[in-house]
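Asks: Got a structure for you, questions after.
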Amino acid sequence: MTLIKAVRGTRDLLPPETELWNRVEATARRVFARYNFGEIRTPIFEDTQLFARGVGEETDIVSKEMYTWEDRERFDVQSLVNAWTNVQINDRGFVIEGAIPYVLREVEKFGVRLILGRRNPEKPEFVAFGAKVTREAIEALSRAKQAIQTKRILPFSPDADYLRRFGPGLRLVVPAGLPAEDVDRGEVEIEEFPGQFSKSVQSLTLRPENTAGVVRAYIEHKLGETGLLQKLYYIGPQFRRERPQKGRYRQFWQIGAEVIGPPSAGSESPLRDAEVLEMLASFLDELGITGWKLVLNSVGSSTDRPRYIAALREALKDKAPQMCGDCQRRAETNPLRVLDCKVPEDQPIIETLPRIADYLDEESKAHFAAVLAALDACGVQYEVNPRLVRGLDYYTRTTFEFTHGGLGAQNALLGGGRYDGLSEMLGGPKAPGIGFAMGLDRLILTLQNRRADEAPGAGQFALADAYIAPLSDTQNAAALELARELRRAGLRVELGDGAFRLKKSFEIGNKVARAIVLLGEDEQRSGILTIKSFATGEQTKIPRGELAQALR
Ligand code: ATP
Ligand code: MG
């Protein structure tokens, strides 16, 4: 049998590695709370339109990386269960009312082959016969009917087209064991199956990023009407159909945050940008990640950008033909993306292209200068890179990345920026905002690299405080009770089994815990337990009431 494996680009996270994940997530929650952020959890899938409009049709994400499917008409499983309920079965045959083609197709699976008869002019019924309608087949059918009704397990999932041909208003009588020759062959007319389908077909997409979802929620729940800044963070999986490699997966995790609100709440202020960047610096410092680099740029306002893009388009007329295929396409569809190109041969050409900084209006220039001044004031180091544009269409003004040298080709730990027009693009009110998304997988890789250097052996299982070994099956229940008592006292406890030999209990205990507690008949009766510390080899007898204290 071929083994089923995790899908390409996805992976399992196992303990003890998940402890590190939990620690990073807990640190994020703690740090963000100090900046007065609250958590938002949006659905993992959304209407495809949200990303098409919010992220941009021409971005890599939307044009080639999304997991999208048509959420088709669904049939109501209950209606199929009901169809079976209408099958009356006895040892002389069975009678089907409504849903005839569905049930007929199904009963073949139970060895019942039928030949349909013609309508009997005297009676309002069809009759069908089958040489194979035996007692055994009828019994099997009866059991199937019961399973379907109680467990709602259907023998097969018919498609919507098939189900539409359900025939209500008909009655089909199938007597057992009559010879097929007696049947006057004919066709059963089948009427339309009424209703029971959800009609809407919707295109859905697994979220490739979370900002669009947060802004959708901001609009949907009218958060702007509070008049206050909304400071929201999220932690969760995102999905992109990219070529998997180290630090790049098809399901990956992001920690992100957004500051968004009406302009009157100060959402446009450069102080917001600087505060978010300072929070990120503090977060990375608190995690003990050193050697990160903050690179930032301004991509201008929605009025600066068209002027810059026009200049870029003009310059690319000559230069694009010498560039990579992607760039040739981008030069047509989305020239800004050319700056994002990672192909080494294209870099010298990109260097010669016009710079966005020369196209910023006074307001954008002043905004960016104020961001930098605030960063200087609080001592956050940065580098301005006039070529930095981000992979999403919605960014305006400040855009940034934090990179880390230890990550190799996938060196971006996180990216973000301002998205002053996004809410309007999604049909919402004016709600400028700024946010970031951090790749949790890459953050963990960085921490693991660092730990391997600094603390070999880090990331191993923590040992339990105690391993409880019942000495026979008779003590199993009492052992569980003892474990419960110790766990309630806050200890980390592993429970053995009375079926193990003493030697085996010691072997397992030594691997998973710091001490072993023996619980035999004597111990159970006297309430005095024997414990042995694996570290010192010391064996002692302790009254049950003092056990938790002794194991700490
Ligand atoms: P990259 O240039 O590395 O593809 P990006 O510009 O596509 O990154 P964003 O959309 O800004 O990335 O997402 C923010 C962060 O999410 C990235 O900096 C990165 O750490 C992480 N990230 C993005 N795509 C992946 C992926 N496929 N696997 C793991 N992490 C990812
Ligand atoms: Mg990418």
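Asks: Keeping to region 218-242, report how many residues are open to solvent by less than 10 Å² (accessible area, probe 1.4 Å) and either part of a loop (DSSP other than H, G, I, E, B) or not aromatic (Phe, Trp, Tyr) (or both).
Replies: At the first step, the residues of region 218-242 found to be open to solvent by less than 10 Å² (accessible area, probe 1.4 Å) are 218, 234, 236, 238.
Remaining after also requiring either part of a loop (DSSP other than H, G, I, E, B) or not aromatic (Phe, Trp, Tyr) (or both): 236, 238.
Residues flagged as open to solvent by less than 10 Å² (accessible area, probe 1.4 Å) and either part of a loop (DSSP other than H, G, I, E, B) or not aromatic (Phe, Trp, Tyr) (or both) within region 218-242 amount to 2.
Asks: While we're looking at this one, here's another question. If only one of Arg272, Arg313 is in contact with a helix residue (DSSP H, G or I) (Cβ under 8 Å, 6 or more places away or on another chain), open to solvent by 30 Å² or more (accessible area, probe 1.4 Å) and more than 16 Å from ligand 2 (Cβ to nearest atom), which one is it? Reasoning before the result, please.
Replies: Values: Arg272 fails: in contact with a helix residue (DSSP H, G or I) (Cβ under 8 Å, 6 or more places away or on another chain).
On inspection, the qualifying residue turns out to be Arg313.
Asks: Before we move on, is Ile61 hydrophobic (A, V, I, L, M, F, W, C), closer than 25 Å to Tyr395 by Cα and at pLDDT 95 or above? Break it down stepwise before answering.
Replies: Values: hydrophobic (A, V, I, L, M, F, W, C): yes; closer than 25 Å to Tyr395 by Cα: yes; at pLDDT 95 or above: no.
In short, no.
Asks: Any residue at all in region 384-394 that is part of a helix (DSSP H, G or I) and within 16 Å of ligand 2 (Cβ to nearest atom)? Walk me through how you get there before you give the answer.
Replies: Looking only at region 384-394, we keep the residues that are part of a helix (DSSP H, G or I), and these are none.
No, there is no match, as no residue in region 384-394 is part of a helix (DSSP H, G or I) and within 16 Å of ligand 2 (Cβ to nearest atom).
Asks: Can you pull out every residue in region 362-390 that is within 30 Å of Leu50 (Cβ to Cβ) and touching a helix residue (DSSP H, G or I) at 6+ places or on another chain (Cβ under 6 Å)?
Replies: Of everything in region 362-390, those that are within 30 Å of Leu50 (Cβ to Cβ) and touching a helix residue (DSSP H, G or I) at 6+ places or on another chain (Cβ under 6 Å) turn out to be Ser364, His367, Val371, Arg387, Val389.
Asks: A follow-up question, please. Just name the residue that is surrounded by the most Cβ atoms within 10 Å (Cβ to Cβ) out of those in region 243-263 that are assigned to a loop (DSSP other than H, G, I, E, B) and away from ligand 2 (no atom under 12 Å from the Cβ).
Replies: Just the residues of region 243-263 that are assigned to a loop (DSSP other than H, G, I, E, B), to begin with: 243-244, 246-247, 249-250, 261-262.
Imposing the further condition that a residue be away from ligand 2 (no atom under 12 Å from the Cβ) reduces the set to 244, 246, 261-262.
On the way: Pro244: 16, Lys246: 12, Gly261: 25, Pro262: 21.
Result: Gly261.
Asks: Further question: Being in contact (Cβ under 8 Å) with a residue 24 or more places away in the chain and under 15 Å from Arg240 (Cα atoms) is the filter; apply it to region 38-55 and report the residue that is farthest from the chain's Cα centre (by Cα). Let's see the steps before the verdict.
Replies: Pass one, region 38-55, residues in contact (Cβ under 8 Å) with a residue 24 or more places away in the chain: 38-51, 53-55.
Next, only the ones that are under 15 Å from Arg240 (Cα atoms) stay: 44-46, 48, 51, 55.
Details: Ile44: 6, Phe45: 9, Glu46: 12, Thr48: 16, Phe51: 16, Val55: 19 Å.
Per the criteria, the residue is Val55.
Asks: Name the single residue that is nearest to ligand 2 (Cβ to nearest atom) among those in region 1-30 being within 16 Å of the chain's Cα centre (by Cα) and part of a loop (DSSP other than H, G, I, E, B).
Replies: Here the answer is Gly9.
Asks: Now a separate question. Among the residues of region 350-372, is any within 16 Å of ligand 2 (Cβ to nearest atom), modelled with pLDDT under 95 and touching a Leu at 6+ places or on another chain (Cβ under 9 Å)? Working first, answer last.
Replies: Just the residues of region 350-372 that are within 16 Å of ligand 2 (Cβ to nearest atom), to begin with: none.
No, there is no match, as no residue in region 350-372 is within 16 Å of ligand 2 (Cβ to nearest atom), modelled with pLDDT under 95 and touching a Leu at 6+ places or on another chain (Cβ under 9 Å).
Asks: For region 369-388, does any single residue satisfy the condition of being within 30 Å of the chain's Cα centre (by Cα) and within 30 Å of Thr290 (Cβ to Cβ)?
Replies: Within region 369-388, the subset within 30 Å of the chain's Cα centre (by Cα) is 388.
With the extra rule that they be within 30 Å of Thr290 (Cβ to Cβ), the set shrinks to 388.
Yes, that holds for at least one residue.
Asks: Any residue in region 258-284 that is under 21 Å from Ala366 (Cβ atoms) sitting within a Cβ distance under 6 Å of a residue that is of a type in the set (D, E, K, R)? List the pairs, counting only those 6 or more apart or interchain.
Replies: That search, which allows pairs on different chains as well, returns Val259/Lys231; Val259/Arg272.
Asks: Just name the residue that is farthest from ligand 1 (Cβ to nearest atom) out of those in region 391-429 that are out of contact with any Ser or Thr (no Cβ under 7 Å at 6 or more places or on another chain), farther than 16 Å from Gly54 by Cβ and open to solvent by 30 Å² or more (accessible area, probe 1.4 Å).
Replies: Gly405
The values are calculated or read from the model by the stated rules, or taken from the named source; none is laboratory data. Keep in mind it's a predicted model, so treat the numbers as computed, not measured. Cβ atoms come from the backbone with ideal geometry, glycine included; neighbour counts cover every protein chain shown. Side chains are part of the model used for accessible areas, which takes the heavy atoms of the whole protein and leaves out ligands, DNA and RNA. Shrake-Rupley method; radii C 1.70, N 1.55, O 1.52, S 1.80 Å.
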